[in-house]
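Below you'll find the structure, written out as structure tokens, and then a few comments.
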Amino acid sequence: AGAAGPAEEATPQAEPIVEDTTRPSWALKVAVERWSEIPQWARQHLTEERCDPVAKANCDAEELAFIEKASRDICGTRVCSREDQGRFEDEAKRLAAKRMDVKPAARPWIERRVAL
């Protein structure tokens, strides 16, 4: 009997990225791939009326206090810049990871902080 050659493995197909037509206008500047990386539970906080952490507009006192503390922790006494983006993303991932470890009543605040 002849030996069969190695079986060809099918290359897994990547899931197509579907455009989210509910994105706020400011989010249209974000690549579709980057937007799709944001969990749905966090995206619900990303609306036109959301707190803008850069301009500090439309933010309540709790959000402003969080922005100040996170900026101080990440940037120190200097003004935050584009180079700090990765550290802010790491903080968002840290918060997202602990989301299910807190009581359900505390989750909305963690979700808002992740969205900021």
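Pairs linking a residue in region 98-115 that is within 16 Å of Ala61 (Cα to Cα) to a residue that is open to solvent by 60 Å² or more (accessible area, probe 1.4 Å) and assigned to a helix (DSSP H, G or I), with Cβ atoms under 9 Å and 6 or more positions apart or on different chains, are Trp109/Glu62; Ile110/Lys98; Arg112/Glu62. Scanning region 93-116 for residues that are open to solvent by 90 Å² or more (accessible area, probe 1.4 Å), over 18 Å from Glu37 (Cα atoms) and of a type in the set (D, E, K, R) turns up Asp101, Lys103. Given Asp73, Asp84, Asp90, which one is surrounded by 10 or more Cβ atoms within 10 Å (Cβ to Cβ), of a type outside the set (Gly, Ala, Ser) and touching a Cys at 6+ places or on another chain (Cβ under 6 Å)? When all the criteria are applied, what remains is Asp84. Restricting attention to region 46-70, the residues being open to solvent by 70 Å² or more (accessible area, probe 1.4 Å) and either at positive phi or assigned to a helix (DSSP H, G or I) (or both) number 6.
The values are calculated or read from the model by the stated rules, or taken from the named source; none is laboratory data. Quick caveat, the model's predicted, so the values are computed rather than measured. In this analysis, Cβ positions are derived from the backbone assuming ideal geometry, glycine residues included, and neighbour counts consider all displayed protein chains. All accessible areas refer to the heavy atoms of the entire protein, side chains included, with ligands and DNA or RNA removed. Shrake-Rupley method; radii C 1.70, N 1.55, O 1.52, S 1.80 Å.
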